Amino acid sequence: MSSLNIPIYMDYSATTPVDERVAAKMAECLTKQGHFGNPASRSHPFGWHADELVEQARDNVATLLGANSKEIVWTSGATESDNLAIKGAARFNVKKGKHIVTLKTEHKAVLDTCRQLEREGFEVTYLDPMENGLLDMDAFKAALRDDTTVVSIMHVNNEIGVIQDIAAIGQITRERGIIFHVDAAQSPGKVAIDVNAMNVDLMSLCAHKVYGPKGIGALYVRRKPRIRLEAQIHGGGHERGMRSGTLATHQIVGMGEAFRIAHEEMDEENVRMGALRDRLWNGVSDMEEIYLNGDLEQRIPGNLNVSFNFVEGESLIMSMKDIAVSSGSACTSASLEPSYVLRAIGRNDELAHSSIRFTIGRFTTEEEIDFTIAKTREAVEKLRDLSPLWDMHKEGIDLDTVEWASH
Amino acid sequence: MAYSDKVLDHYENPRNVGVLDKDDPNVGTGMVGAPACGDVMRLQIKVNDDGIIEDAKFKTYGCGSAIASSSLVTEMVKGKTLEEVGEIRNKHIADELALPPVKIHCSVLAEDAIAAAIADIKAKRTEKDSSEAVAS
């Protein structure tokens, strides 16, 4: 166990460390000796060099999506991309209709954007996923109306890692002439993407989940048929007027390199990830009263989300302090509410409260997995020994029949 | 979230974890909270004939602060009379553990657990007194 670095990082869906190869490229774009120029400067080589690097990065991102580089718009991250896509498309097409369809398990960047549009007079349908976390296609078709202008469905869920059938959804939206936005913050390098085969119109991306830097993302905007958006940030008319602001060369170069590596190494990496994830699941799945959240098959290889019944998630995380995991998701872990994603797939409050998300990545080792298994088992056993609910369960009491003192 | 050293100490080494016989006439049991809210505390006190708490045990399902609050309460109540223990307020617990504002509800729950345990033992004793009165 000598090579283990404590604490062990098992939260790759929250963010990833920047790959050394990416960091090296980024460092070349900062100082006086490097490519520090403003890519928008047309009058001298400083600008030309920076522009070349930005366009190379755009190519790399487009290649991973099977897109044309002209369809890539740089943003500050997936949250901004979601805002630009949904607000931009809904507001531009307001004369066609004011109805949007999305899923209850979307990221807050999508849900809160939709809430904002509701305040502006748009109508939003929030669909319930099925118990395995996937979209119910019949319910989806039934929700579409003549005045539906935008559908927003995520590719890979950040909490439970399930993969939606984007191609099947895209076929329907294309037939009906509805704009299809996909939040793909979690999928590059984990699931193959082909925006043309999938009939995606808008796709939100970010670098920091793919071993690139934080603070940079992109929005794919289809050109044929052309998708038009109302800009959300106005200024110098950068990015064909869709997103003004001086381009951050080093960030963009980082994202480009991260996507190039992700595209190249994806197949090999996924085999390794899948084996590690299965090793982790096999190491804990024989414990009593544990529940896997989300479909095991339609799922990215790096994600394992498990509820340990009769144990509370926050104290579980506390007793697993040598392992960096999250309960619910990092965005909601400051609140006392149970995960809304787990509630939406039908988990009761108790199971939603006792969930742990393990996400493994490029630098995870077998040794780390084995350590995590041992620590998890130890922590769950310790907390169950402390838990009056576990005692009651062991006595055969059905907790649903108990009248709890409210507080 | 950063925990205070006292919370960590009680969490790492919880005092008086366990179960007393809830049917023992000298044992008062208080169970408060609800699984759906993320915390359930069970506090048990063993009271001698002089009305002094001889022993206390707890089990808690909840966050670190909830576990620490109940562990601390078992220490606070031992050796005290029911009247003294009835004076314990959540503020004493929250101050002692330096609980942050979002965790104050854990100390409130611990105060409720004390009250519930006292009510249980008092109810048992009233019942016993009245049945003795009938017998004599």
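First select every other residue whose beta carbon is under 9 angstrom from the beta carbon of residue B:70; then total the charges, Lys and Arg +1, Asp and Glu -1.
Charge balance near residue B:70 sits at +2.
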- [ ] Just the number, please: percent antiparallel of the DSSP beta bridges in region A:68-168, rounded to the nearest 5.
- [x] 10 percent
Open item on the list: Need the C-alpha centroid separation for region A:239-288 versus region A:105-139, integer Å.
Closed with: 25 Å
Open item on the list: If the reach is capped at under 22 angstrom between alpha carbons, list the lysines near residue A:375, excluding any in the same chain fewer than eight residues apart.
Closed with: A:321, B:59
Task: Inter-chain Cβ neighbour average for residues A:307-316, partner chain, 10 Å - done: 4
- [ ] Anything losing 40 Å² or more of accessible area from the isolated chain to the full protein assembly: pick those residues out of region B:11-41, probe 1.4 Å, ligands and DNA/RNA ignored.
- [x] B:11, B:12, B:31, B:33, B:35, B:36
Open item on the list: Using a 7 Å offset from the Cα along the Cα-to-Cβ direction at both residue A:119 and residue A:214, what is the distance between the two label points in nm, to one decimal?
Closed with: 2.5 nm
- [ ] Give the ranking of B:4, A:43, B:69 by solvent-accessible surface, highest area first, calculated with a 1.4 Å probe.
- [x] A:43, B:4, B:69
- [ ] In debye, nearest 20, what is the charge dipole magnitude of region A:215-341 about its Cα centre with +1 on Lys and Arg Cβ and -1 on Asp and Glu Cβ, if you could check?
- [x] 1120 debye
Task: Solvent-accessible heavy-atom area per residue, rounded to whole Å², over region A:131-254 at 1.4 Å - done: 35 Å²
Open item on the list: I'd like to compare A:293-302, A:165-174: which one has the highest average count of other Cβ atoms within 10 Å, and what's the full order after that?
Closed with: A:293-302, A:165-174
- [ ] Report Rg (one decimal) and Dmax (nearest whole number) for region B:25-84, counting Cα atoms only, units Å.
- [x] 12.2, 38
- [ ] Return the distance in nm (one decimal) between the two label points of a simple spin-label model at residue A:130 and residue A:146, each offset 7 Å from Cα along Cα→Cβ.
- [x] 3.1 nm
Task: Choice from A:387, A:327, A:69 showing the highest fluctuation, given a GNM over chain A with Cα pairs closer than 10 Å - done: A:387
TODO: Please list the radius of gyration and Dmax for chain A, considering alpha-carbon atoms only, with Å as the unit.
DONE: 22.4, 80
- [ ] Determine the dipole magnitude for chain A: charges of +1 sit on the beta-carbon of Lys and Arg, -1 on that of Asp and Glu, nothing else is charged, the reference point is the Cα centre, and the result goes in debye to the nearest 20.
- [x] 2260 debye
- [ ] Enumerate the lysines that residue A:95 could reach by cross-link, defined here as Cα to Cα under 29 Å, with residues fewer than 8 away along the same chain left out.
- [x] A:70, A:87, A:104, A:108, A:141, A:224
Task: Spatial extent of region A:134-266: Rg and Dmax, with the Cα atoms as the point set, Å - done: 15.8, 45
- [ ] Would you mind calculating the gained length between residue A:96 and residue A:374 on full extension (0.36 nm times residue separation, minus the Cα-Cα distance), in nm to one decimal?
- [x] 94.4 nm
Open item on the list: Over all directions, how big on average is the projection of the convex hull of the alpha-carbon atoms in chain B, in square nanometres?
Closed with: 8.4 nm²
TODO: Could you compute the FRET efficiency for residue A:244 and residue B:50, with r as their C-beta to C-beta distance and R0 at 56 Å, rounded to 0.05?
DONE: 0.10
Task: Label-to-label distance, nm, for residues given as residue A:365 and residue B:75 (7 Å Cα→Cβ offset) - done: 3.9 nm
Task: Estimated 222 nm signal from helices in the protein assembly as shown, with DSSP H stretches of n ≥ 4 weighted -39500 (n - 2.57), rounded to 500 - done: -13000 deg cm²/dmol
Task: Shielding by partners, peptide B:52-62 (average Cβ within 10 angstrom, other chains) - done: 4
Task: Accessible surface, 1.4 Å probe, highest first, among residues B:78, A:70, A:209 - done: A:70, B:78, A:209
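Share of the protein assembly as shown's accessible area from carbon and sulfur, percent, 1.4 Å?
Working: 11500 of 23000 Å².
Here it works out to 50 percent.
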Task: Distance violations [Cα-Cα > 19 Å] among B:57/B:80; B:46/B:122; B:80/B:103; A:394/B:78 - done: B:80/B:103; A:394/B:78
Task: Computed FRET value (nearest 0.05) for residue B:22 with residue A:175, which takes r as the C-beta separation and R₀ as 41 Å - done: 0.05
TODO: Could you state the accessible area per residue of region A:46-124 in Å², with a 1.4 Å probe and every protein chain left in place?
DONE: 40 Å²
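State, in square angstrom and to the nearest 100, the accessible area buried between chains A and B, both chains counted, probe radius 1.4 Å. Mind dumping the intermediate values first?
Details: alone 18180 and 7240 Å², together 23000 Å².
Using a 1.4 Å probe, the pair buries roughly 2400 Å².
The values are calculated or read from the model by the stated rules, or taken from the named source; none is laboratory data. Everything numeric in this text was worked out from a predicted model, so none of it was measured. Methodologically, a virtual Cβ is constructed for each residue, glycine included, from the backbone with ideal geometry; neighbour enumeration extends over all protein chains shown. Calculation scope for accessible area: heavy atoms of the full protein, side chains included, ligands and nucleic acids excluded. Shrake-Rupley method; radii C 1.70, N 1.55, O 1.52, S 1.80 Å.
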